[in-house]
Every structure is written in structure tokens, then in C-alpha cells.
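Step one of this worksheet: look at the structure below.
Every number in this text was worked out from the coordinates using simple rules, so none of it is lab data. Everything quoted here is computed from the prediction, not taken from an experiment. Using ideal geometry, Cβ is built from the backbone for each residue, glycine included, and neighbour counts are taken over all protein chains shown.
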Amino acid sequence: MDCVHDQLADGRRIWILNIAGDHSHLCVGQRVELCIAGARLARWLDESGESRGLPRTLVLNNGPKMTSKALFFWSQRSGVTLDFIYPGQADPERVVGWARQRTPSGRLSEPALV
């Protein structure tokens, strides 16, 4: 699970949350928001878990969205283990890199998103 960002034509930054399976490389979900706070992320994981089920472990980076108290309490409540990668460790990033490569280039510049 990782977030990437881009900027709209009016200067606002958008965040794209990618959740991809480590073994299948299946993009389980993408969420595009102007702001992704920990509580919103936990709520979205609950919603996604209702339809797909929750994994045993989520591999995350150490960014502020991923290390929030809301996500910690969500993991305690849901029983999902949060596995944080060490800074500079590239191995878990290969899955998100795979997802980034398949995000259509130029899509973020389309008028529908402005």
C-alpha cells in the first residue's frame, strides 16, 4: 500500500492510494482524494474489506498517512498486522512501482479531474 501524488491544473495536489497484492500484483484498489488522512484511510479499508476481505498483513512505508494513530487503532480492531518497511528498502516498493507503471499517463491532466 502506498500513496502517490500529482497536481491539478489549478494547483491543488491530489493523492492516489494504491493497494496491490504482493504475489498476484492485482491492484485491489485505488482511491483518489485531495487529502487522505489516517481516519479516512481506515474507513476506506473497512469498506474494501467488506467486499474483498481483509489481508493478514499490510506492507506500508513510514509516511505520515501510514503511521497515524487512526490506522494503528484500525489494525488493532481488525486484526491486520501492519508491516512497515525500513527507509530506503526497495523490495516492497516493487509492487507499487508495478501499479504506477500501469496508471495511464496523461490521465491526471484530463479536464474531468480538474
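Here the spin labels are modelled as points 7 Å beyond Cα on the Cα-Cβ line, and at His5 and Glu47 they lie 2.2 nm apart.
The local environment of Gln76, defined by Cβ-Cβ distances under 15 Å, has a net charge of +1 under the rule Lys, Arg +1 and Asp, Glu -1.
Near Leu60: Cβ cut-off under 10 Å, other residues only, Lys/Arg at +1 and Asp/Glu at -1. The net charge is -1. Spin-label model, Arg13/Arg77: points 7 Å from Cα along the beta carbon direction are separated by 2.7 nm.
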